[in-house]
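The values are calculated or read from the model by the stated rules, or taken from the named source; none is laboratory data. Owing to the predicted nature of the structure, the values given are computational and were not obtained by experimental measurement. Positions of Cβ are generated from backbone atoms using ideal geometry, with glycine treated the same way; all protein chains shown enter the neighbour counts.
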Amino acid sequence: MRLSCALPILACAVLAVTGCSRSSPTGVPASSPKPPATPPPKSSTSLSSLATRLAASKELADANQRQSAFAQLAVDAAVAGDAGVVKECLDQVPDANLRENTKIKAVLKLGQAGKTDESLSLAKTISDANIRERIMNKIARGDYSE
């Protein structure tokens, strides 16, 4: 067999083994479907995630776990700018110290989220006069840092 006859046969054999489809410049066959796009993970502060977490928190039997979950959820809801969920969660935290500390964090996070009216409204409910004054001073300066 001559070499000129062997090359086309060799080329056909390679195509048969590797597949006979057109390839893109990257070497991936052009006709192969792209893998399905994986949706990005939901943020723990997305509205649907907050609703799910609120429902789950209400189902917790252990009082300490429940109040801890509500406190964390209140802060996360504030980051998302959802003052309604913040207030609902704070109402579910029986420990006064935890509730006040969470409230302060939520006030600042709401302000950072651009919810300044809601932040001011919540700040007015801080029970400790000295802390409330300090937070009001921050709000008056537009300083929502912790």
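Things worth noting here:
- Check on Ala106, closer than 18 Å to Ala77 by Cβ, touching a residue at least 12 places away in the same chain (Cβ under 8 Å) and out of contact with any Leu (no Cβ under 7 Å at 6 or more places or on another chain): no
- In the set Glu133, Glu118, Glu100, only one residue is among the acidic types (Asp, Glu), loosely packed, with under 14 Cβ neighbours inside 10 Å, modelled with pLDDT of 95 or more and part of a helix (DSSP H, G or I); that residue is Glu133.
- Some residue of segment 34-42 being surrounded by 10 or more Cβ atoms within 10 Å (Cβ to Cβ), charged (D, E, K, R) and modelled with pLDDT under 55: yes
- Positions within segment 57-71 being in a helix (DSSP H, G or I) and not basic (Lys, Arg), in sequence order: Ser57, Glu59, Ala63, Asn64, Gln65, Gln67, Ser68, Ala69, Phe70, Ala71
- Of all residues in segment 88-124 being in contact with a helix residue (DSSP H, G or I) (Cβ under 7 Å, 6 or more places away or on another chain) and among the β-branched types (Val, Ile, Thr), the one that is nearest to Ser57 (Cα to Cα): Val93
- Test: residue in segment 72-82 that is assigned to a helix (DSSP H, G or I) and either farther than 21 Å from Ser145 by Cα or touching an Asp or Glu at 6+ places or on another chain (Cβ under 8 Å) (or both): no
- The criterion of being farther than 18 Å from Lys138 by Cβ and basic (Lys, Arg) does not hold for Lys105.
- Among the residues making up segment 55-106, those that are of a type in the set (D, E, K, R) and under 17 Å from the mean Cα position of the chain (by Cα) are Asp76, Asp82.
- Flag if Gly111 is surrounded by 15 or more Cβ atoms within 10 Å (Cβ to Cβ), farther than 20 Å from Thr52 by Cβ and either at pLDDT below 95 or among the small types (Gly, Ala, Ser) (or both): yes
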